[in-house]
Amino acid sequence: MTANTKTATRVQVDRLKNKAIVGLRAPGLLARWPGIGLFMFIFGSLMFGALTYNLFAHGPLLTWDTAIANTLPAIGLKSPTFVKIIMDTGFYLGKEVIMVLDILLAFYFIYKRYWQELAMVTIGWTGSALLFYSLSTFIARARPPTMIWITVGGIPGFPSGHAVATVTFYGLMAYLLIPKMKSAFWKVVIVAVAVLIIGFIGFSRIFTGGHYLTDILAGYAVGIAWSGAIYTLIEIYFQKRRIQNVKKE
């Protein structure tokens, strides 16, 4: 390949990278810096492993689990009606709302022919659900007996499916939206809103006795590991495809 051809290829690749951020699209940060995704995967995996070991070894965190599970739902039962409404909202934000938004985004990405983002949304959500069911079924930890208001029966609670889904989905939304914000202030707002939603959903599940504290933390860990791995791999795959298509032209 001549120097001129190499230069032309670089220009075309740069144009593709710039074009990739038009519309609700992934910025390609994870593809350019895969170490970020690798760090997320290792950190999340180690965190989940430590929490799982604590569970099977009857570690000190289980004492906190029991104390919190006995305290917060009791406070909830004595609270005004609006507290129940607020806390129940966390359940739907972490399940039904995510399902609806996933479907709407999938249709949007299909319409716009944004296949990379479609893969991120569908594989991200489907994988998080499969991870929750497989891990929770294998570990088979019962939920707190102090569950109030919205009760979930027959499904083990470690890790929390809500926590896995919220990190996977709302984290991706922040990743897609931040590049669209022109000022640093609004970028910070997007990050803060995502963190608050994720934190609120986790707290609401503990407050209503749907999960122990370590269930939520384990769900966050799985969500971080899964997001780091799958979103990085998807971005790398589609970036290589774009570069190969440019070289063929």
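Figures for the structure shown
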quantity	calculated
Cα-based Rg and Dmax for the chain, where Dmax is the largest Cα-Cα distance (Å)	20.7, 76
Computed E for S79/V195 - FRET, C-beta separation, R0 30 angstrom, nearest 0.05	0.75
Gain on full stretching of the segment that runs from I42 to Y92 - 0.36 nm per residue minus C-alpha separation	15.0 nm
Farthest positive-ward along region 29-248 dipole, Cα basis, beta-carbon charges - from F39, I178, L51	I178
Tensor-based shape of region 72-145 (alpha-carbon gyration tensor, a/c under 1.5 rounded, otherwise prolate or oblate)	oblate
Nonlocal Lys pairs with alpha-carbon distance under 21 Å, the chain (8 or more apart, or different chains)	23
Under 18 Å from the T151 label point (7 Å along Cα→beta-carbon), backbone N, region 207-233	207-212
At least 27 Å along the helix axis (C-alpha) and Kyte average at least 0.5, DSSP helices within the chain	34-56, 115-139, 184-207
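No value in this document is a laboratory result; all are computed from the given coordinates. Source: prediction; values computed, not measured. Methodologically, a virtual Cβ is constructed for each residue, glycine included, from the backbone with ideal geometry; neighbour enumeration extends over all protein chains shown.
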